[in-house]
Amino acid sequence: MDANPAEAEEHRPENWPLGRLLGAASRAVERAWADALEQRGLTHAGLIVLHLLELGFDSQSDLARMAHVEPQTMSRTVDRLEREGLVTRAPDPGDRRRHVLAITDAGRSAFEGVRGLEDEVFPAVDDPAAFRAALLQIVTARP
């Protein structure tokens, strides 16, 4: 079946509705970001944990709350990071039910190693600051 030229034109990305274009861009970026992190031995979830630890959060429950995930999900992520030597988990001397998490030197190095990834993952973005501002408008908009 031969495509009608008008139909073919309609299916070009520059003619897609904004929602479809944003969805396709999101999937492409997610794949590129995951691949770039994997090459460095990290996952997106692991990177979020390292970032939150760098910001000063030190409890698994706080990390889960800040990352908007279930505590069990956070536990699996922290377990993996601990096995890889990127974080430590120690009993809190003041609360036997709580563990204090900390980023290790290896974790800090891994976190710092991904700082330049944005340029690698988003090479087609001419104005990263404007792009970031537009994304922030989208994710912080209140319907």
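Of note:
- Qualifying residues in the stretch 119-130 (those that are out of contact with any Phe, Trp or Tyr (no Cβ under 9 Å at 6 or more places or on another chain) and part of a helix (DSSP H, G or I)) - the one farthest from Arg40 (Cα to Cα): Ala130
- Hits in the stretch 84-102 (condition: in contact (Cβ under 8 Å) with a residue 24 or more places away in the chain and of a type in the set (A, V, I, L, M)): Leu86, Val87, Val100, Leu101, Ala102
- Yes/no for Gly94 being among the small types (Gly, Ala, Ser), on the phi > 0 side of the Ramachandran plot and loosely packed, with under 14 Cβ neighbours inside 10 Å: no
- The stretch 11-110 holds helices (runs of 4 or more DSSP H) entirely within its bounds, and those carrying 1 or more residues that are under 17 Å from the mean Cα position of the chain (by Cα), under 21 Å from Val121 (Cα atoms) and hydroxyl-bearing (Ser, Thr, Tyr) map to 18-39.
- Scoring Leu21 on the criteria (1) at pLDDT 95 or above; (2) surrounded by 11 or more Cβ atoms within 10 Å (Cβ to Cβ); (3) within 27 Å of Asp119 (Cβ to Cβ) leaves a single failure, condition (1).
The values are calculated or read from the model by the stated rules, or taken from the named source; none is laboratory data. What you are looking at is a predicted structure, and each value in this text was computed from that prediction instead of being measured. Methodologically, a virtual Cβ is constructed for each residue, glycine included, from the backbone with ideal geometry; neighbour enumeration extends over all protein chains shown.
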